[in-house]
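Chemist: Sharing a structure, written as structure tokens. Questions coming.
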Amino acid sequence: MSTSRHRKRSYHHGDLCAAVLAEAGQLLEKKGITALSLREAARRAGVSHNAPYRHFPDRRALLAALAAEGFRSFAEQLAAAERAGGLRARGEAYVRFALAHPQRFRLMFDSGLRIASDANLREHAGRAFGALEQAIAAHSGQEAPHAAIAAWALVHGLSDLLLGRKLAGPALEGTEAFVRAVLGAVRFVVPSQSPG
């Protein structure tokens, strides 16, 4: 019996969505956003090509679900890193996520998906940034929104430069050490209080 047939029989109501998302996620990382289709995700999941449409009305809905799943995992990894090592560890985890999941990262930030147009995506993306704001707020008071954007710009820009292979440093030092050194060179300070 083929694996595909076995998988078709083993699926039961309730795990089709997760199975299609898992296969789509693997396809995304192996071949990129342009190669991703509902039909191919269904084929890889061992279900009929029409089955995913029960959960994803079109390709954009599948991409939004993958991006939302990415933001959920992303936020969890950043929070765990911060609990273990503070804000700098959160920054290192941001870059680590981008390098470990380059296609998912691009889908989340650079694919043209409109976050506001999908409630699930909006919720998970909002939580990821909201958690960053809360973490920064503990260190920078009233300037938290601006400080959060500054921190985000730093780690996102570094991630983008590394993904685009635009920096020579990591080849010389090793990527983890390079990221640690770059983030260590930035001092996050509490804004000075204006004289009152």
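Chemist: Residues of segment 78-96 with the amide nitrogen closer than 17 Å to a label point 7 Å from the Cα of LYS166, along Cα-to-Cβ, please.
Modeler: Flagged as within label range: 95.
Chemist: Now for a different question. What does the charge add up to near ALA22, with Lys and Arg as +1, Asp and Glu as -1, over the other residues with Cβ less than 11 Å from its Cβ?
Modeler: -2
Chemist: So how do ILE149, ILE33 line up by other beta-carbon neighbours within 10 Å, fewest first?
Modeler: ILE149, ILE33
Chemist: ³J(HN,Hα) across segment 149-166 via Karplus (A = 6.51, B = -1.76, C = 1.60, θ = phi - 60°), whole Hz, x for Gly/Pro?
Modeler: Here the 3J(HN,Hα) series is 5, 4, 5, 4, 4, 5, 6, 5, x, 4, 4, 5, 5, 5, 5, x, 6, 9 Hz.
Chemist: If you don't mind, another one. Is the shape of segment 59-184 rounded, prolate or oblate, going by the alpha carbon gyration tensor and its root eigenvalues a ≥ b ≥ c, with a/c under 1.5 for rounded and a/b larger than b/c for prolate? Numbers along the way, then the final one.
Modeler: Working: a/c = 1.96, a/b = 1.18, b/c = 1.66.
Since a/c reaches 1.5 but b/c is at least a/b, the shape of segment 59-184 is classed as oblate.
Any read-out appearing in this document is the output of simple, stated calculations on the displayed coordinates, not a laboratory observation. Only a predicted model underlies this, so the values are computations on that prediction, with no experimental measurement involved. Here Cβ is always computed from backbone atoms with ideal geometry, including for glycine, and neighbour counts include all displayed protein chains.
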